[in-house]
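The values are calculated or read from the model by the stated rules, or taken from the named source; none is laboratory data. Just so it is clear, the structure is predicted and the values come from calculations on it, not from any experiment. Glycine also receives a Cβ, built like all others from the backbone with ideal geometry; neighbour counts cover every protein chain displayed. In case anyone asks, the SASA skips ligands and DNA or RNA and just uses the protein heavy atoms, side chains included. Shrake-Rupley method; radii C 1.70, N 1.55, O 1.52, S 1.80 Å.
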Amino acid sequence: MNKNNRKKFSPESLVVADGHDPMGVLNSLKNPIFQTSTFMFNTAEEGKAFFDAYKEAGTLEERNKSLIYSRLNHPNLTAAEFRLAQLDGASDAAFFESGMAAISTTIMTFCKSGDLILMSSPLYGGTDTFIKRTLNQYGVEWVEFEQSASKEEIKELIRKHPKGSNLKMIYLETPANPTLALTDISIFANLKEELKSNDIHPVLAVDNTYLGPVFQKPLSCGADLNLYSATKYIGGHSDVIAGACSGKEELIQQVKNLRTTLGCMASPFTSWLVTRSLETVTLRMEKQADNASKLAEFLKSHSKVQKVFYLGFLSESDPQHQIYKNQQTSAGAMMAFEVIGGEEEAFCFLNNLELVKLAVSLGSTETLASHPYTMSSSNMTEADRIKNGITESLVRVSVGIENPHDLISDFDQALNQI
Ligand SMILES: *Cc1c(COP(=O)(O)O)cnc(C)c1O
């Protein structure tokens, strides 16, 4: 598709109809998998020109004209990145071989020894470990703010910190895994503006795995970068591990430079899978969210259920409700609920599911249930688990695209075994 046509169409159309030039590859309608490590130059002069062009390449067409070596760039990577950037309203995107590769490479791009990261809590376990243990060994410091903290209190936290003037990144995860705690991105966008007068210029990055790229657009709330575990909704079929970062081109270019050095770019097959999946991400997420609201309603009135945690149930008096309304367009398809009882009752429920699968991970076409207390959050201290509401009776659910009546009847029969 040429540049002018591209301007005429919306992201939902471009994500299925663009990202690949059939004329370049035997009129193949879909992008084939370019399972090659390197690309041939017709002449030495062309090789020289490709290296020059690679540094400047902006558009899809330009990138595919400067192919050199698959760690730098390859057509499947370009196609995936083009599509995600469309959906996120970003000028560029970068794909990685995992969510953790995307997150770690992005943080390392902007934070060096002696720098400070301000972060929300809880964070996904892998991210928490990377910042607090791995990165800390390289002299990068971190400070967490309380969920209830005001902007002034957060400013004070930075001012008082010995490395406050070296604040290089504000890292948020909203909704947080697994508690669904929400953070107001716009407060941090404002904070970032205010810090400019003190010559402090952090990059504002948001882990948008739970709702993006469909139900939440952090860039339009003032964030600089979106981060993803593309293993979840973007991949959406529990068949690939992948990650992504999208945002302003000048920032993504820096992230890509480090990615090239580290060598953690998405492979041709991984890129091909997510390119395919991005065509249906909106359809899938809408159906998943619809199923989730039906299942949450059902669970709310079940006699074996103590409490349901679902963003669609936030009461208007809850301070999180305003964030929810301003920041996201759906409650999404993640929920958790407490059974009446403890581990034994939760396990009884999980062991009796027939349709729903017992597994960690989320965002896939099939519904998954797990027990955070003994599984994904078992590395957290008892105090942190309790603080975040991760109890022995808590079951986490990622809702899929199955028939909602089947889901409800499976949950009902498994709960009734308790
Ligand atoms: C799964 C997940 C990650 C890590 O992604 P991987 O693809 O497993 O490396 C990061 N953040 C969140 C919120 C996640 O759910």
Top-ranked residue of segment 329-374 - restricted to ones that are more than 20 Å from the chain's Cα centre (by Cα) and β-branched (Val, Ile, Thr), ranked as farthest from the ligand (Cβ to nearest atom)
Ile340
Is it true that Glu146 is in a loop (DSSP other than H, G, I, E, B), over 18 Å from Lys196 (Cβ atoms) and acidic (Asp, Glu)?
yes
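Which members of segment 158-170 meet the condition of being under 14 Å from Lys192 (Cα atoms) and open to solvent by 10 Å² or more (accessible area, probe 1.4 Å)?
Once the filter is applied, which keeps residues that are under 14 Å from Lys192 (Cα atoms) and open to solvent by 10 Å² or more (accessible area, probe 1.4 Å), segment 158-170 yields Arg159, Ser165, Asn166, Lys168.
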Per the filter on segment 378-416, residues within 23 Å of Gly125 (Cβ to Cβ), touching a residue at least 60 places away in the same chain (Cβ under 8 Å) and surrounded by fewer than 22 Cβ atoms within 10 Å (Cβ to Cβ) are Asn379, Met380, Asp384, Asn388, Gly389, Ser393
Of the conditions (1) open to solvent by less than 20 Å² (accessible area, probe 1.4 Å); (2) touching a Ser or Thr at 6+ places or on another chain (Cβ under 6 Å), Ala331 satisfies every one except a single condition; which number is it?
(2)
Residues of segment 134-149 being among the hydroxyl-bearing types (Ser, Thr, Tyr) and closer than 14 Å to Met119 by Cα, which ones?
Ser148
Return the residues of segment 250-291 that are touching a helix residue (DSSP H, G or I) at 6+ places or on another chain (Cβ under 8 Å), open to solvent by less than 20 Å² (accessible area, probe 1.4 Å) and farther than 25 Å from Thr59 by Cβ; say none if nothing qualifies.
Asn291
So the helices (runs of 4 or more DSSP H) completely within segment 1-120 holding 1 or more residues that are closer than 29 Å to Ala189 by Cβ and not basic (Lys, Arg) are 11-17, 75-88, 99-110
Could you say which residue among Val240, Val305 is over 18 Å from Pro175 (Cβ atoms), within 16 Å of the ligand (Cβ to nearest atom) and surrounded by 20 or more Cβ atoms within 10 Å (Cβ to Cβ)?
Val240
Of all the residues that make up segment 68-116, how many are within 16 Å of the ligand (Cβ to nearest atom) and among the β-branched types (Val, Ile, Thr)?
4
In segment 188-220, residue farthest from the ligand (Cβ to nearest atom) [restricted to those that are assigned to a loop (DSSP other than H, G, I, E, B) and surrounded by fewer than 16 Cβ atoms within 10 Å (Cβ to Cβ)]:
Asp199
Hits in segment 128-170 - residues which are modelled with pLDDT of 95 or more, within 16 Å of the ligand (Cβ to nearest atom) and of a type in the set (Ser, Thr, Tyr)
Thr134
Which one of these is aliphatic (A, V, I, L, M), at pLDDT 95 or above and assigned to a helix (DSSP H, G or I): Ala336, Ala296?
Ala296
The lone condition Glu173 fails out of (1) within 16 Å of the ligand (Cβ to nearest atom); (2) surrounded by fewer than 22 Cβ atoms within 10 Å (Cβ to Cβ); (3) among the acidic types (Asp, Glu) is (2)
Please list, ordered by first then second residue, the pairs with beta carbon atoms under 6 Å, 6 or more apart or interchain, first in segment 294-323 and more than 22 Å from Asn177 (Cβ to Cβ), second surrounded by fewer than 19 Cβ atoms within 10 Å (Cβ to Cβ) and of a type in the set (A, V, I, L, M, F, W, C).
Phe298/Ile408; Lys304/Ile340; Lys304/Ile418
